[in-house]
Every structure is written in C-alpha cells, then in structure tokens.
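A.B. asks: Have a look at this one.
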Amino acid sequence: MENILFLTDLDGTLLSTDKKIPQKSEEILNSLIEKGVKLSISTARTPATMEGILKNLNLRLPVCAMNGAAIYDTKAEKYIHYHKMEDASVYGLIALCKKHRINPFIHMIKNNHLYVSFEDIDNEAAEDFHRERKNLRLKTYVNAPYSPELGDAVYFTILEKEEKARAVFEEAAASAFSGSINLNFYRDVYNPGYYYLEICHKKASKETGLKLLKEYAEADLVYAFGDNTNDMPMLAAADKSFAVENGVDEVKAFCSEVIGRNTEDSVAEKIKNIYERNLKL
C-alpha cells in the first residue's frame with residue numbers, strides 16, 4: 001500500500017459554507033485515521049481558529065498554519081516551527097499600510113502564544129474577522145501599534161476591497177524588501193467583494209509546510225486538496241493535486257483532478273476512495 005500523506009485546506013475545501021467540517025466528513029476521516037491513514041491540514045487560519053473546527057477530528061500529525069508561517073502541534077498545543085519576519089519588511093509593510101490608510105492585523109508569537117496587534121477596524125469584513133476571533137483562548141488581540149516587545153512578527157493579515165488590497169500587494173512586491181516576504185492575495189470566500197492580502201517570511205508557504213509535514217509523517221507521497229490561489233504552492237508541490245468544484249478557475253485548471261463541491265463531503269469521500277483502492281494494490 002502506498003505511504004501517502006493527505007493534506008487539505010480548510011475554508012472552501014474541507015469546510016462547508018457554515019465554516020464547519022460536516023459530520024459525515026468527520027466520521028469518514030476519523031475512521032480512516034484509526035486505520036492508519038495520514039491526514040493533516042494546511043490553512044491560512046491560525047491555531048486559535050482551527051481549535052474549534054478540528055475539535056472532533058482525531059488528528060495525529062501537526063498542522064500547517066498561517067499559509068506556512070508556522071507548524072503547530074494541536075495535541076501538545078505547541079508551535080514546533082515558525083518563520084520570524086525580518087524587521088525591515090515588518091516596518092516597511094506598516095509604512096505601506098499607513099500610506100494607503102489600511103489597518104493590518106499583525107500576528108506575533110511570544111512564549112508559545114499568538115498575539116495580534118491592530119490599531120483600527122474600518123470595514124465589515126475586518127469586523128467579522130475580529131468578532132469571530134477576539135475571544136479565542138489561543139490568541140490575544142492587542143489594540144495598539146505593533147511593538148517587537150509583543151513577540152516575533154510572523155504574519156500580516158489585510159482584509160480590504162480589491163483595489164486597496166491590490167495597491168499594497170503591488171507596491172510590496174516591488175519594494176526594496178520584496179525579497180524577504182511571501183505575498184498571498186486572494187478573494188474572501190465569505191465576504192463578496194473583499195480580498196485577503198496575507199504576508200509572511202519568504203521561506204513561509206504552503207509548499208514549505210507540505211515538505212515539513214511530509215517529514216513528520218514519514219510519508220513517501222503527498223496528495224493535496226485546495227480551492228483558492230493561496231493553495232497553489234501546496235498543490236504544485238504535491239504528488240497529486242485535487243481541486244473542489246467550487247474552487248477558483250485557476251486552481252481547477254491546474255490540479256490533477258477536480259472533485260465535488262465542499263458542501264458534498266468531497267474531500268473525505270475522495271480520500272476514502274483512494275484508501276480503499278490502495279488496499280487492493
């Protein structure tokens with residue numbers, strides 16, 4: 001039987017439109033994990049927002065968080081690896097955001113805890129983002145300007161209308177510090193008209209997350225599932241890539257196979273089918 005690590009995105013892929021893993025998917029995946037199937041998660045989410053979503057999924061492997069900025073052990077509740085952003089890029093991004101009157105959420109790790117600095121919340125998507133996360137136990141929001149005393153900066157999250165977010169994206173990509181950052185720019189699947197701009201260390205990506213998780217899992221192959229453009233580094237690095245039908249056209253055109261929608265337990269069913277087929281090899 002092939003030694004495969006199955007690696008899936010959450011929002012828009014494994015999660016349904018209610019931002020939860022459907023019960024049927026949980027049952028299928030837990031049964032497969034019990035049989036020895038290797039499964040992990042690669043997401044833009046932080047460990048804090050994954051905690052409630054994954055509470056009924058019996059994962060045995062670490063997960064890739066914040067688009068590869070950190071690898072997190074959900075059982076030990078410990079960051080086992082993360083990429084600290086360089087000071088020049090942190091302050092350069094802050095200056096760019098101020099220029100465009102954008103308020104980023106800046107994620108920092110200190111003493112194995114995630115802190116998020118922000119100065120203001122000025123649009124409905126950012127309000128939803130903050131409201132859903134502000135009381136989570138694995139993350140602390142700090143309404144104050146960024147300070148290195150709060151921790152190691154690992155991740156910027158910007159939620160804005162496309163034009164404003166794209167302006168920062170393009171200027172950051174052309175900046176003097178562009179060589180030290182990794183930029184992810186993609187639509188918000190929950191708030192039409194809004195886009196995410198997520199920025200981390202150059203070495204942090206879903207591709208590097210895949211490679212680290214492959215080592216932890218001692219797997220020979222990686223099969224990856226995604227829906228959005230921030231999944232592309234992971235999908236490109238995988239031995240086989242699967243897009244859900246509701247994914248963006250660019251991802252569907254790139255992947256090895258397009259499966260059903262995220263509302264149809266498609267990821268869990270596909271992993272089950274691959275496992276059962278491999279039993280016969």
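A.B. asks: What are the residues in the range 17-43 that are within 16 Å of Val189 (Cα to Cα) and open to solvent by 20 Å² or more (accessible area, probe 1.4 Å), if any?
C.D. replies: Result: Thr17, Asp18, Lys19, Lys20.
A.B. asks: Cys97 passes all but one of (1) touching a strand residue (DSSP E or B) at 6+ places or on another chain (Cβ under 6 Å); (2) assigned to a helix (DSSP H, G or I); (3) open to solvent by less than 10 Å² (accessible area, probe 1.4 Å); (4) within 26 Å of Val189 (Cβ to Cβ); which number fails?
C.D. replies: So Cys97 meets the others, but not (1).
A.B. asks: A further question follows. For the range 213-223, does any single residue satisfy the condition of being of a type outside the set (S, T, N, Q), touching a Lys or Arg at 6+ places or on another chain (Cβ under 8 Å), within 30 Å of Glu86 (Cα to Cα) and not in a loop (DSSP other than H, G, I, E, B)? Outline the logic, then answer.
C.D. replies: Within the range 213-223, the subset of a type outside the set (S, T, N, Q) is 213-223.
Going one step further and asking which of them are touching a Lys or Arg at 6+ places or on another chain (Cβ under 8 Å), we end up with 217, 219, 221-223.
Filter once more, keeping what is within 30 Å of Glu86 (Cα to Cα): 217.
Cutting the leftovers down to not in a loop (DSSP other than H, G, I, E, B) gives us 217.
Yes: one or more hits.
A.B. asks: May I ask you to verify whether Glu245 is at pLDDT 95 or above, surrounded by fewer than 15 Cβ atoms within 10 Å (Cβ to Cβ), under 20 Å from the mean Cα position of the chain (by Cα) and over 18 Å from Ser42 (Cα atoms)?
C.D. replies: Considered against the rule, which asks whether it is at pLDDT 95 or above, surrounded by fewer than 15 Cβ atoms within 10 Å (Cβ to Cβ), under 20 Å from the mean Cα position of the chain (by Cα) and over 18 Å from Ser42 (Cα atoms), Glu245 comes out as yes.
A.B. asks: I need the full set of residues from the range 125-134 which are open to solvent by 30 Å² or more (accessible area, probe 1.4 Å), touching a strand residue (DSSP E or B) at 6+ places or on another chain (Cβ under 8 Å) and either modelled with pLDDT under 95 or under 23 Å from Ile71 (Cβ atoms) (or both), in order please. Write out each step before concluding.
C.D. replies: Pass one, the range 125-134, residues open to solvent by 30 Å² or more (accessible area, probe 1.4 Å): 127-128, 130-132, 134.
Applying the additional criterion that residues be touching a strand residue (DSSP E or B) at 6+ places or on another chain (Cβ under 8 Å) yields 130, 134.
Once the filter is applied, which keeps residues that are open to solvent by 30 Å² or more (accessible area, probe 1.4 Å), touching a strand residue (DSSP E or B) at 6+ places or on another chain (Cβ under 8 Å) and either modelled with pLDDT under 95 or under 23 Å from Ile71 (Cβ atoms) (or both), the range 125-134 yields only Lys134.
A.B. asks: Give the residue, chosen from Val168, Val222, Val189, Val154, that is open to solvent by 10 Å² or more (accessible area, probe 1.4 Å) and either within 13 Å of the chain's Cα centre (by Cα) or hydrophobic (A, V, I, L, M, F, W, C) (or both).
C.D. replies: Val189
A.B. asks: Listed residues Tyr194, Tyr141; which is crowded, with 19+ Cβ neighbours inside 10 Å and aromatic (Phe, Trp, Tyr)?
C.D. replies: Criteria check complete, one pass: Tyr194.
A.B. asks: Still on this structure: Run down Tyr82, Tyr115, Tyr91, Tyr72 and say which single residue is open to solvent by 40 Å² or more (accessible area, probe 1.4 Å) and touching a Lys or Arg at 6+ places or on another chain (Cβ under 9 Å).
C.D. replies: Answer to the check: Tyr115.
A.B. asks: Among the residues of the range 5-46, write down those that are among the polar types (S, T, N, Q), touching a strand residue (DSSP E or B) at 6+ places or on another chain (Cβ under 7 Å) and not in a loop (DSSP other than H, G, I, E, B).
C.D. replies: Listed by number, the residues that qualify are Thr8, Thr13, Ser40, Ser42.
A.B. asks: Given (1) surrounded by 13 or more Cβ atoms within 10 Å (Cβ to Cβ); (2) without any contact (Cβ under 8 Å) to a residue 40 or more places away in the chain; (3) more than 25 Å from Ser25 (Cβ to Cβ), identify the lone condition not met by Ile102.
C.D. replies: Of everything listed in (1) surrounded by 13 or more Cβ atoms within 10 Å (Cβ to Cβ); (2) without any contact (Cβ under 8 Å) to a residue 40 or more places away in the chain; (3) more than 25 Å from Ser25 (Cβ to Cβ), Ile102 misses just condition (2).
The values are calculated or read from the model by the stated rules, or taken from the named source; none is laboratory data. This is a predicted model, so every value here is computed, not measured. Ideal geometry is used to build each Cβ from the backbone, glycine not excepted, and the neighbour counts take in all protein chains shown. SASA here: full protein model, heavy atoms, side chains in, ligands and nucleic acids out. Shrake-Rupley method; radii C 1.70, N 1.55, O 1.52, S 1.80 Å.
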